[in-house]
Amino acid sequence: MSVETNDVKWLVLRTRCRHEYAVETCLRQKRINSYLPRLKRIRSTKSQKKEVEVPLFPGYIFVQPSEDQFEAIRFIRGSCGLVRTGTRPATLKEAELQSVRILVQSSVSLKVDSHLATGCRVKVIEGSLAGAIGYIVRVKNHVRLVINVELINCSVSVEVDAHTV
């Protein structure tokens, strides 16, 4: 993860299936600020269990290129272009990206969903998720905080105590 600058917007770069790490490496070599959120998962083989990191949003990397770096993004092997609205690259809300970072850095179990129905917008005020902003949903008597990343039509949800929001 690179240090962000305030004057440049965050964008979403689509990648080919299972090319996220290769694209991230190329972005780093070209000194383009990027963020690939990752989860730790246990993978089992016949003889052993191994902990591996997998992308939180497969097929997407968040990038923050300067004006002169846009052309370099087009020529990264494994990338499929920026997510766009009309003819312009779509920008990501800083609060959405910051909330995703808070969830990834916490030690809670995350679940990624596409097109989750959402309710009231809230901010977590205490605990390991303090500062995360999202929507509250109820699933089978459990309260979950959902953070929508609208540009890629995905959501991340985590179970929370109702008193922490």
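We did not get these values from a lab; they are worked out from the coordinates using the rules stated. Given the structure is predicted, the values throughout are model-derived calculations rather than measurements. Backbone-built Cβ (ideal geometry, glycine too); neighbour counts: all protein chains shown.
Across the options 48, 76, 19, the greatest Cα extent toward the positive end of the charge dipole of the chain (unit charges at beta carbon of Lys, Arg, Asp, Glu) belongs to 48. A Förster radius of 41 Å, combined with the Cβ-Cβ distance separating residue 109 from residue 9, puts the computed FRET efficiency at roughly 0.85. For residue 50, the lysines whose Cα falls under 22 Å of its own Cα, not counting residues fewer than eight places away in the same chain, are 40, 111.
What lysines does residue 9 reach when the alpha-carbon gap must be under 21 Å and sequence neighbours fewer than 8 apart in one chain are set aside? Counting by Cα, and skipping residues close in sequence, residue 9 has these lysines nearby: 30, 93. Determine the shape class of segment 10-92: with a ≥ b ≥ c the square roots of the Cα gyration tensor eigenvalues, call it rounded for a/c under 1.5, and otherwise prolate if a/b is greater than b/c, oblate otherwise. Cα axes put segment 10-92 in the prolate bin. Using a ≥ b ≥ c from the Cα gyration tensor of segment 58-105 (square roots of the eigenvalues), is it rounded, prolate or oblate, where a/c under 1.5 gives rounded and otherwise the larger of a/b and b/c decides, a/b for prolate? Prolate is the answer for segment 58-105, as a/c is 1.5 or above and a/b outweighs b/c. Compactness of the chain is given as radius of gyration and Dmax, 16.8, 51 Å, from Cα positions.
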